[in-house]
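Take a look at the structure below.
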Amino acid sequence: MSVVDNAGVADAPILELDDVGKSYGNVHALRGVGLNVRQGEVTCVLGDNGAGKSTLIKIIAGLHEHTDGTMRLDGVACRFGSPRDAQSRGIATVYQDLALAPLMSVWRNFFLGNELRRGPLRILDIARMKRICGEELVKMGVIIPDLDRPVASLSGGQRQCIAIARAIYFGARVIILDEPTAALGVKQSGVVLKYIVKARDAGLGVILITHNPHHAYLVGDHFVILKLGRVVLDARRDELTLEQLTTEMAGGQELAELGHELRGADQEERRK
């Protein structure tokens, strides 16, 4: 039995990746990746394009199976054969495109593919779906008076909220957010980050995939940086500062060496 401390965070991880790797023939997309996702925590996975973030998402979400290492859910080794398999085990993924139908209403999007029905004729229980949708959004701090309005008319932050609230309602214990602030401005990014905190406070294990260390540091409890498919940093919040996180994300020692090289080239040019 896992023990929960005063902050409500379970000691035992919900999801563990131990030395996980993924190879496509002779190409190693991931090597030796370790990751622990705990209840009531935001685990931030950072990295530039090509770092392996997308491959990691696909393994956890059930799109691809890992070729090396072990993935455990509640301490039991597992492999997800499909996204539906992962979802049935409590792993939900919110991708950048959100999987929302822009021209459909808010409540229809909330229950898309999971519609509630009633009576022998199995007709849609619209009133019940609207009520549940409204209640779940309020829990996330979002009030949308007209749930019949199309999703396309909402802000980017509100759309993210619908996707997150939907995942929570349908039983997610771990939610993966794929670059949720990438296409948003400062204000809307702030809205989404507040929703992420609400999901964490609701007891979920949140995996935030991002290339923005500032956003990560605002909400993160645990930080992992990937580079070329390997973990180059794995630290808790109290173990590093925003400046250190930003430096590591930018390349750390490599960036310092590049600066030294450029300064040397500039001095050489001036001597000519």
Check: Restricting region 31-50 to residues that are surrounded by fewer than 19 Cβ atoms within 10 Å (Cβ to Cβ) and not basic (Lys, Arg), which is nearest to the chain's Cα centre (by Cα)?
Finding: ASN36
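Among the residues that make up region 51-64, is at least one of them of a type in the set (D, E, K, R), in the same structural domain as ARG159 (by TED's automatic domain parsing) and either more than 14 Å from the chain's Cα centre (by Cα) or outside any helix (DSSP H, G or I) (or both)?
No, region 51-64 has no match at all.
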Next item on the list: Collect the residues in region 66-118 that are in contact (Cβ under 8 Å) with a residue 60 or more places away in the chain, surrounded by 19 or more Cβ atoms within 10 Å (Cβ to Cβ) and assigned to a loop (DSSP other than H, G, I, E, B), keeping them in residue-number order.
Entry: GLY90, LEU98, LEU100
Note to self: Pairs please, first residue from region 143-164 and surrounded by fewer than 19 Cβ atoms within 10 Å (Cβ to Cβ), second anywhere and among the charged types (D, E, K, R), Cβ atoms under 6 Å, 6+ apart in sequence or on different chains.
What the structure shows: LEU147/LYS130
Item checked: Any hit, region 122-139, residues being part of a loop (DSSP other than H, G, I, E, B), out of contact with any Pro (no Cβ under 8 Å at 6 or more places or on another chain) and of a type in the set (A, V, I, L, M) -> no
Next item on the list: Working only within region 173-187, note down all residues that are surrounded by fewer than 23 Cβ atoms within 10 Å (Cβ to Cβ), outside any strand (DSSP E or B) and touching a residue at least 40 places away in the same chain (Cβ under 8 Å).
Entry: ARG173, GLU179, ALA182, ALA183
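The values are calculated or read from the model by the stated rules, or taken from the named source; none is laboratory data. Quick caveat: nothing in here was measured; it's all calculated off a predicted structure. Cβ coordinates were reconstructed from backbone atoms using ideal geometry, including for glycine residues, and neighbour counts include every protein chain displayed.
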